[in-house]
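Colleague: Structure provided below as structure tokens; questions to follow.
Read the figures in this text as sums done on the coordinates, not as results from a lab. Remember, it's a predicted structure, so these values are computed and weren't measured experimentally. Positions of Cβ are generated from backbone atoms using ideal geometry, with glycine treated the same way; all protein chains shown enter the neighbour counts.
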Amino acid sequence: MSQKKCVAIVTGGTRGIGEAISVALKNAGHTVAATYAGNDEAASAFKERTGIAVYKFDVSDYDQCADSVNQISEDLGPVDILVNNAGITRDGTMHRMTFEQWNSVIQTNLSSCFNMCHAVINGMRERGYGRIVNIGSVNGQAGQYGQVNYAAAKSGIHGFTKALAQENAAKGITVNAVAPGYVETDMVRAVPEKVLEKIVATIPVGRLGKAEDIAHAVMYLVDENASFITGSTISINGGQHMY
């Protein structure tokens, strides 16, 4: 596979799936900026461990995204790879969910994709090259009890991906999505053990995913030679949901 060297941004890139993607990109020779929202201790440890630059800002805030992308471009160079990975959960059934729970998930998980893509798309179009990968979820494909906010946001990412791909295909920019199933991250580890056992029992391969499983797919999609795949969603869920 080609090793075209690019500047890459990974939102939520210092922990979990984001960390695995950031490290994989760096190992492939790309210059990586990993963003994070608030966990300074984890970000500092990540930076010391990997040597990857970190940038703190709120991806749900349009102006912060625009300013931070400008800063990253000044520090590292034009951004040709963007991985929208940042996400949160605020679970609850609809009749008990507050507007804040709904809105915070929609803004952080979905509006952030607009904010970040809007900040990089013109530069990519001018240079005639770009790779955008948005991280969706099996729960955006199949739904999940107690997650109308999360499922809506992740489902929205899949539609967003297809539309943006159509708009920019002629400019050498590919836009794809990866939909992980249940992966061994802090978010999943917080699920009660008995509930987690039931989840694993529904996965045909018989295990949770690993962050590296997702990173492998992202690396394929951002490769220079992956120019004929755009508007696609790659499901990585161990066979839990097939369609």
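Colleague: Any chance you could run the full-extension gain for GLU184 through TYR243? It's 0.36 nm times the residue separation minus the Cα-Cα distance, nm to one decimal.
Modeller: 18.9 nm
Colleague: While we're looking at this one, here's another question. So how tilted is helix 62-76 from the main axis of the chain? Cα-based, degrees 0 to 90, rounded to 10.
Modeller: So the inclination is approximately 50 degrees.
Colleague: To the nearest 500 deg cm²/dmol, what mean residue ellipticity at 222 nm is calculated for the chain from DSSP H runs of n ≥ 4 alone, each contributing -39,500 (n - 2.57), summed and divided by the residues?
Modeller: Helix-only estimate at 222 nm: -14000 deg cm²/dmol.
Colleague: Continuing with the same structure: Which peptide among 5-15, 89-99, 211-221, 121-131 comes first, and what is the full order, when sorted by highest mean count of other Cβ atoms within 10 Å?
Modeller: So the order, starting with the most tightly packed, is 5-15, 211-221, 121-131, 89-99.
Colleague: Can you give the local net charge around TYR55? Use residues other than it whose beta-carbon is closer than 14 angstrom to its beta-carbon, Lys and Arg +1, Asp and Glu -1.
Modeller: -4
Colleague: For the Cα atoms of the chain, what angle does the longest principal axis make with the long axis of helix 40-50, in degrees from 0 to 90, nearest 10?
Modeller: Helix 40-50 sits at roughly 60 degrees to that axis.
Colleague: Still on this structure, please answer the following. Taking the 0 to 90 degree range and rounding to the nearest ten, how far is the long axis of helix 112-127 tilted relative to the main principal axis of the chain, both from C-alpha atoms?
Modeller: The helix 112-127 is inclined about 30 degrees to the chain.
Colleague: Sticking with this structure for a sec: For ILE234, enumerate residues with amide H under 5 Å from its amide H, sequence gap 5+ or separate chain, H modeled in the peptide plane.
Modeller: Those lying under 5 Å, H to H, from ILE234 are ALA177, VAL178, ALA179.
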